[in-house]
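Trainee: Submitted below is the structure of interest, expressed as structure tokens.
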Amino acid sequence: MRKTLITLVPVIFFACLIWWFRPEQGDEGYGLWSLLPALLTVAVCFITRNVIIALLLGIFAGGLIVGQVNILNTFLIPSLATENYAQILLVYLWALGGLLGMWNRNGGARHFAETLARRFVNSRTTAKLFAWVLGVLFHQGGTISTVLAGTTVRPIADKHKVAHEELAYVVDSTASPIATIIPFNVWPIYVAGLIVIEPLAGIITTTEDAVGLFMQAIAFNFYAWIAVTMTLLFALDRLPLFGTPMARVLTRVKTQGKLDRDGARPVMSEELTAANVLPEYNPWMADFIVPIATLLGFCIVPWLLGGSPMVFEGFALAVVSAVVVSLVRGMQLSEAVDAIITGIKGVTIGAVILALAVTLATVSEQLGTSDYVVNATSGVLSAAPYILPALLMLLCMVVAFSIGSSWGTYAVVFPIALPLALSLSPDPGFLLLNFGAIMGGAVFGDQCSPISDTTILSSLACGSDLMDHVTTQMPLALIAAGLSAVLYVGLALIFVG
């Protein structure tokens, strides 16, 4: 009781300060105050390692800034009634949970992994390499890649004593980064929709022009290339770790055999981490291949035909196909339904975190967080054109880390930054350099943010503690970002020097 009171006193005091000194909303939002909810959330995440408490405090701080203590009506209900949260319920809770539950009961994913592992995996190194290859193959984007790669390889990675932080790093770093350099997904279409604008009409007049610019800029997305390469070296045990937190993880798992640190709180619950295959059911490859083929088919085929990936339909029908295959092979319908419900229970924590993350994004949007960050730095960017790509990358890193979304960052930065780059230099190479910097910077922030869906789902799919994943991955991602920034400055000097 006393410890609780000691904790509450500074929280109440801080809340009172925010309330007393909260600003009036101006023409450009709430200015510097707009950063407070995101920064508070991130700080509490790192201090307490409790993401749910951190998100709630960040949302509450947003309510105090706008003068609304009733955050339920101000933020939570409006956010939970949105299409984004409906997608979370459909994909992350019902479909993803149901699919994982079916694989847990029919043993499909484990059987697939073990079958391939008997041929290709015989050590910790090959297990991590297997995870890297799957991450590249499942290149449809952050959420899909993390779920498919993580859930597929985790059983065999556990068998070969790959720490959950290691696996989460490999899976997360071959999710969004891969999606930006292997463009057979919805990313080019999304970005194209943001840059077919009047200020760029001289070089981009159609969506096809915009997609073409995306393709040309892939070579300049240095962060993605370096991050994926570093992850490959890590999988091969060829990446120097020096004294990073990941080095301590390797020491722990090699000396003690512990896949998680003492006191860790994995996002995935016991309903999904413990195998529960029916004794009378014999798993086979189709239990995994049919649902996966269904999911990837609905994502890839529509794109090849010129449409958009049918992600939601793919997830829903993947669950249906998993049930049908299991029923044909003798599983009772009641067992299949129970497996789906158990799987949904297993990802409830992750779904709650994602729901609160969506709410915090709504808070940041209402406060004008992204617009403030961009506008506050635009003067510096104009004065020093040769550092524009590196600063744009840093800007996107900060914005995406704060709001937990690369796509949200793109929506704000691309329409402002590309016309700025074009006004500073007509050189096409300089424009592509800035394009790649924006792509990579936002992916860094999305990948490392503890409130990002890909970060949460990587932890969920790999059975890792969320904040352990964040703190072990971030130093390695920062190295990749630092190397990228050096390249951007060097090449920008050539284009505009």
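Here's the yes/no breakdown for (1) hydroxyl-bearing (Ser, Thr, Tyr); (2) touching an Asp or Glu at 6+ places or on another chain (Cβ under 8 Å); (3) modelled with pLDDT under 95; (4) closer than 30 Å to Ile349 by Cβ:
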residue: Tyr410; (1), (2), (3), (4): yes, no, yes, yes
residue: Leu422; (1), (2), (3), (4): no, no, yes, no
residue: Phe430; (1), (2), (3), (4): no, no, yes, no
residue: Val443; (1), (2), (3), (4): no, no, yes, yes
residue: Cys448; (1), (2), (3), (4): no, no, yes, yes
residue: Ser452; (1), (2), (3), (4): yes, yes, yes, yes
residue: Ser459; (1), (2), (3), (4): yes, yes, yes, yes
residue: Gly490; (1), (2), (3), (4): no, no, yes, no
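Trainee: Mind listing just one residue for me: the one in region 24-39 that is surrounded by fewer than 21 Cβ atoms within 10 Å (Cβ to Cβ) and either in a helix (DSSP H, G or I) or at pLDDT 75 or above (or both) and, of those, nearest to the chain's Cα centre (by Cα)?
Mentor: Let us first name the residues in region 24-39 that are surrounded by fewer than 21 Cβ atoms within 10 Å (Cβ to Cβ), namely 24-29, 31-32, 35-36, 39.
Next, only the ones that are either in a helix (DSSP H, G or I) or at pLDDT 75 or above (or both) stay: 31-32, 35-36, 39.
Working: Gly31: 27, Leu32: 26, Leu35: 21, Leu36: 22, Leu39: 18 Å.
Here the answer is Leu39.
Trainee: Of the residues in region 190-235, how many are farther than 19 Å from Gly306 by Cβ, in a helix (DSSP H, G or I) and of a type in the set (S, T, N, Q)?
Mentor: 3
Trainee: Give the number of residues within region 311-337 that are touching a residue at least 40 places away in the same chain (Cβ under 8 Å) and not hydrophobic (A, V, I, L, M, F, W, C).
Mentor: Selection size over region 311-337: 4.
Trainee: Just the residues that are in a helix (DSSP H, G or I) and either surrounded by fewer than 23 Cβ atoms within 10 Å (Cβ to Cβ) or among the hydroxyl-bearing types (Ser, Thr, Tyr) (or both), please, taken from region 415-429.
Mentor: Within region 415-429, Pro415, Ile416, Pro419, Leu420, Leu422, Ser423, Leu424, Pro428, Gly429 qualify.
Trainee: Does region 311-320 contain any residue that is out of contact with any Leu (no Cβ under 9 Å at 6 or more places or on another chain) and either modelled with pLDDT under 90 or crowded, with 21+ Cβ neighbours inside 10 Å (or both)?
Mentor: Of region 311-320, the ones out of contact with any Leu (no Cβ under 9 Å at 6 or more places or on another chain) are 313, 320.
Next cut, either modelled with pLDDT under 90 or crowded, with 21+ Cβ neighbours inside 10 Å (or both) only: 313.
Within region 311-320, one or more residues are out of contact with any Leu (no Cβ under 9 Å at 6 or more places or on another chain) and either modelled with pLDDT under 90 or crowded, with 21+ Cβ neighbours inside 10 Å (or both).
Trainee: Now, a different point. Pick from Ile47, Ile59: which is modelled with pLDDT under 75 and assigned to a helix (DSSP H, G or I)? Give the derivation first.
Mentor: Numbers: Ile59 fails: modelled with pLDDT under 75.
The conditions single out Ile47.
Trainee: Let me ask something else. When region 281-302 is examined, which residues are found to be in contact with a Lys or Arg (Cβ under 9 Å, 6 or more places away or on another chain), buried (at least 20 other Cβ atoms within 10 Å of the Cβ) and part of a helix (DSSP H, G or I)?
Mentor: Asp287, Phe288 - these are the residues of region 281-302 that are in contact with a Lys or Arg (Cβ under 9 Å, 6 or more places away or on another chain), buried (at least 20 other Cβ atoms within 10 Å of the Cβ) and part of a helix (DSSP H, G or I).
Trainee: Now for a different question. How about region 375-391: which of its residues are in contact with a Leu (Cβ under 7 Å, 6 or more places away or on another chain) and either at pLDDT 75 or above or crowded, with 20+ Cβ neighbours inside 10 Å (or both)?
Mentor: Answer for region 375-391, where residues must be in contact with a Leu (Cβ under 7 Å, 6 or more places away or on another chain) and either at pLDDT 75 or above or crowded, with 20+ Cβ neighbours inside 10 Å (or both): Leu381, Pro385, Tyr386, Leu388, Pro389, Leu391.
Trainee: May I ask you to list pairs of residues, at least six apart or on different chains, whose Cβ atoms are under 6 Å apart, with the first in region 236-265 being of a type in the set (A, V, I, L, M) and in a loop (DSSP other than H, G, I, E, B) and the second being surrounded by fewer than 17 Cβ atoms within 10 Å (Cβ to Cβ) and at pLDDT 90 or above?
Mentor: Taking only residues 6 or more apart or on different chains, the pairs are Leu239/Leu233; Leu241/Ala247.
Trainee: Can I ask one more? With respect to Phe444, determine if the residue is part of a helix (DSSP H, G or I), in contact (Cβ under 8 Å) with a residue 12 or more places away in the chain, over 19 Å from the mean Cα position of the chain (by Cα) and under 18 Å from Ile181 (Cβ atoms).
Mentor: No.
Trainee: Continuing with the same structure: Give all pairs with beta carbons closer than 6 Å in which a residue from region 400-420 that is on the phi > 0 side of the Ramachandran plot meets a residue that is buried (at least 23 other Cβ atoms within 10 Å of the Cβ) and modelled with pLDDT under 75; count only pairs at least 6 apart in sequence or on separate chains.
Mentor: As it stands, the answer is Gly404/Ala357, since those pairs meet every condition given.
The values are calculated or read from the model by the stated rules, or taken from the named source; none is laboratory data. Because the structure is predicted, anything quoted here is derived from the model rather than measured. In this analysis, Cβ positions are derived from the backbone assuming ideal geometry, glycine residues included, and neighbour counts consider all displayed protein chains.
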